[in-house]
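Novice: Got a structure for you, questions after.
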Amino acid sequence: MRTLKYTVAASMLAVALPASAQQLSIATGGTGGVYYPIGGGFAEMINNHIEGAQATAEVTGASVENMGLIMRGDADMALALADTVYQAYTGTGDFDGRQIENTRALASVYPNAVQLVTLAESDIQSIADLAGKRVSVGAPGSGTELNARALLEANGVNYEDFTPQRLNFNETADAIRDGDIDAGFWSVGPPTSSILNLAATRDIRLISLTDEEIANAQEAEAVFAPYELAAGMYDGMDEAVQTIGIPNVLVVNSDMDEELAYQLTQLLFENTDELIAVHPAANDTTIEFTMNSTPVPLHPGAIRYFEEVGAEIPDRLRP
């Protein structure tokens, strides 16, 4: 597995970990999404501020794969979409028969937006127009595919209606640019580099969802919420686009050392400006967002931090 290693820098803010502290890995996603820079940024924060810790961001297939890595202990932390995390914790949906009860959260970091992109010259104006087209639904094992499938099926569109392609973000952008596919889904914190790069080379259009389509999606998945992509987010995007958003959760195994979980949570929320400097999606990294959006119980170490700062922790977030 490819890794991104970050330089260790001395910091007067460093705090000591238990003597048993190990190299920490953060499961992220593809290099064209937001998980990778967010995970890499947090790894650098760990290296800079937690004495004795070394962290790396791992390139993965994203949410579904990441939950398996957490279950097996092959990653210490992982970023994953809230619906994927909830399905893993409850043993439902794609995790039917393989429940991951030891899932715990440190925080909800930022919301993803489902972004359906096509070329401006395309005749695709709505999700119904995907019929008969070649459409990327995201990388295998990604939250993007879970979100795309849930959105489509809630609105009467099935994989049999079009030709699905399972491509990662960069591959999807390249395939749209080259005319190999007609449209592609992203479920990622906006703006994302792969769409930015595509919009810089080809005229694109993002597909808006209707109020009815959003309501249908929310009925199918409780973690979906209306989300507006601002006008001007990508080149040529003159009007706001209505879609759905899904929280992204920083998850760990319940076996993680409580002191380590406490220090990681403290680091995230008391140095958020460093993560915002890496990617603007981290502007949504707030305690309030975590309390409102996290779909599974918090790790006891995270709870200790939130109690110390006076946060009101819902009962559903206590193990």
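Novice: Look through the stretch 267-307, keep the residues that are farther than 17 Å from N48 by Cβ and among the small types (G, A, S), and return whichever of them is modelled with the lowest pLDDT.
Specialist: Among residues in the stretch 267-307 that are farther than 17 Å from N48 by Cβ and among the small types (G, A, S), the one modelled with the lowest pLDDT is S293.
Novice: Restricting to the stretch 276-288, what's the tally of residues that are assigned to a helix (DSSP H, G or I) and in contact with a Phe, Trp or Tyr (Cβ under 8 Å, 6 or more places away or on another chain)? First the steps, then the outcome.
Specialist: From the stretch 276-288, those assigned to a helix (DSSP H, G or I) are 276-278, 280-284, 287-288; that's our starting set.
Cutting the leftovers down to in contact with a Phe, Trp or Tyr (Cβ under 8 Å, 6 or more places away or on another chain) gives us 281-284, 287.
Summing the residues that are assigned to a helix (DSSP H, G or I) and in contact with a Phe, Trp or Tyr (Cβ under 8 Å, 6 or more places away or on another chain) in the stretch 276-288 gives 5.
One line per residue, one yes/no per condition, for (1) basic (K, R); (2) open to solvent by 40 Å² or more (accessible area, probe 1.4 Å); (3) more than 16 Å from the chain's Cα centre (by Cα):
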position	(1), (2), (3)
L24	no, no, yes
A27	no, no, no
F42	no, no, no
I70	no, no, no
D74	no, yes, yes
A78	no, no, no
A120	no, yes, yes
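Novice: For A88, are the conditions met, namely being open to solvent by less than 10 Å² (accessible area, probe 1.4 Å), assigned to a loop (DSSP other than H, G, I, E, B) and either more than 16 Å from G30 (Cβ to Cβ) or not hydrophobic (A, V, I, L, M, F, W, C) (or both)? Before you say what the answer is, go through the steps one by one.
Specialist: Working: open to solvent by less than 10 Å² (accessible area, probe 1.4 Å): yes; assigned to a loop (DSSP other than H, G, I, E, B): no; either more than 16 Å from G30 (Cβ to Cβ) or not hydrophobic (A, V, I, L, M, F, W, C) (or both): yes.
No; evaluated as a whole, the condition is false for this residue.
Novice: Shifting gears a bit: Those residues that are under 28 Å from V309 (Cα atoms) and β-branched (V, I, T), I need them from the stretch 220-279; list them, please.
Specialist: V223, I246, V249, V251, V252, T265, T272, I276, V278
Novice: Hey, another quick one. Checking the conditions here, which among T290, T201 is surrounded by 16 or more Cβ atoms within 10 Å (Cβ to Cβ) and over 25 Å from P140 (Cβ atoms)?
Specialist: On the way: T201 fails: surrounded by 16 or more Cβ atoms within 10 Å (Cβ to Cβ).
Only one candidate qualifies: T290.
Novice: Got a number for residues in the stretch 152-190 being among the polar types (S, T, N, Q), open to solvent by 40 Å² or more (accessible area, probe 1.4 Å) and over 21 Å from A220 (Cβ atoms)?
Specialist: The total comes to 4.
Novice: If you go through the stretch 267-319 one residue at a time, how many are in contact with a Ser or Thr (Cβ under 9 Å, 6 or more places away or on another chain) and acidic (D, E)?
Specialist: The qualifying residues number 1.
Novice: Would you check which residues across the stretch 301-319 are within 13 Å of R104 (Cβ to Cβ) and part of a loop (DSSP other than H, G, I, E, B) and list them?
Specialist: R318, P319
Novice: In the stretch 49-58, how many are open to solvent by less than 20 Å² (accessible area, probe 1.4 Å) and either in a loop (DSSP other than H, G, I, E, B) or within 15 Å of T31 (Cα to Cα) (or both)?
Specialist: 3
Novice: What is the one condition in (1) touching a residue at least 12 places away in the same chain (Cβ under 8 Å); (2) under 20 Å from the mean Cα position of the chain (by Cα) that Q266 does not satisfy?
Specialist: (2)
Novice: Taking N197, is it touching a helix residue (DSSP H, G or I) at 6+ places or on another chain (Cβ under 7 Å), farther than 21 Å from D94 by Cα and not in a strand (DSSP E or B)?
Specialist: On the way: touching a helix residue (DSSP H, G or I) at 6+ places or on another chain (Cβ under 7 Å): yes; farther than 21 Å from D94 by Cα: yes; not in a strand (DSSP E or B): yes.
Criteria met by N197.
Novice: Would it be correct to say that A148 is closer than 17 Å to S63 by Cβ, hydrophobic (A, V, I, L, M, F, W, C) and touching a Phe, Trp or Tyr at 6+ places or on another chain (Cβ under 7 Å)? Break it down stepwise before answering.
Specialist: Details: closer than 17 Å to S63 by Cβ: yes; hydrophobic (A, V, I, L, M, F, W, C): yes; touching a Phe, Trp or Tyr at 6+ places or on another chain (Cβ under 7 Å): yes.
Taking the combined requirement at face value, the residue satisfies it.
Novice: Scanning the stretch 259-283 for residues that are of a type in the set (A, V, I, L, M, F, W, C) and touching a His at 6+ places or on another chain (Cβ under 8 Å), which turns out surrounded by the most Cβ atoms within 10 Å (Cβ to Cβ)? I'd like the intermediate steps shown before the answer.
Specialist: As a first pass, look at the stretch 259-283 and keep what is of a type in the set (A, V, I, L, M, F, W, C): 260-261, 264, 267-269, 275-278, 281-282.
Keeping just the survivors that are touching a His at 6+ places or on another chain (Cβ under 8 Å) gives 261, 267.
Working: A261: 25, L267: 23.
Looking at residues that are of a type in the set (A, V, I, L, M, F, W, C) and touching a His at 6+ places or on another chain (Cβ under 8 Å), I get A261.
Novice: Those residues that are in a loop (DSSP other than H, G, I, E, B) and in contact (Cβ under 8 Å) with a residue 40 or more places away in the chain, I need them from the stretch 211-262; list them, please. Quick ask: steps written out before the conclusion?
Specialist: So in the stretch 211-262, the residues in a loop (DSSP other than H, G, I, E, B) come out as 221-224, 230-240, 254-257.
Listed by number, the residues that qualify are E221, V223, F224, M233, Y234, G236, S254, D255, M256, D257.
Novice: Quick one: is P297 touching a residue at least 60 places away in the same chain (Cβ under 8 Å), over 30 Å from A200 (Cα atoms), surrounded by 18 or more Cβ atoms within 10 Å (Cβ to Cβ) and out of contact with any Asp or Glu (no Cβ under 8 Å at 6 or more places or on another chain)?
Specialist: On the way: touching a residue at least 60 places away in the same chain (Cβ under 8 Å): yes; over 30 Å from A200 (Cα atoms): yes; surrounded by 18 or more Cβ atoms within 10 Å (Cβ to Cβ): yes; out of contact with any Asp or Glu (no Cβ under 8 Å at 6 or more places or on another chain): yes.
Judged against the criteria, P297 is a match.
Novice: Can you say whether A148 is in contact with a Leu (Cβ under 6 Å, 6 or more places away or on another chain), in a helix (DSSP H, G or I) and surrounded by 19 or more Cβ atoms within 10 Å (Cβ to Cβ), as far as the supplied structure shows? Steps first, please.
Specialist: Values: in contact with a Leu (Cβ under 6 Å, 6 or more places away or on another chain): no; in a helix (DSSP H, G or I): yes; surrounded by 19 or more Cβ atoms within 10 Å (Cβ to Cβ): yes.
Here the answer is no, as A148 does not meet what is asked.
The values are calculated or read from the model by the stated rules, or taken from the named source; none is laboratory data. Keep in mind that what you see is a predicted model, and the values were worked out from it rather than measured. Note that each Cβ is placed from the backbone with ideal geometry, even for glycine, and that neighbours are counted across all protein chains shown. Ligands, DNA and RNA are stripped out before the accessible areas are found, and what is left, the full protein with its side chains, is counted by its heavy atoms. Shrake-Rupley method; radii C 1.70, N 1.55, O 1.52, S 1.80 Å.
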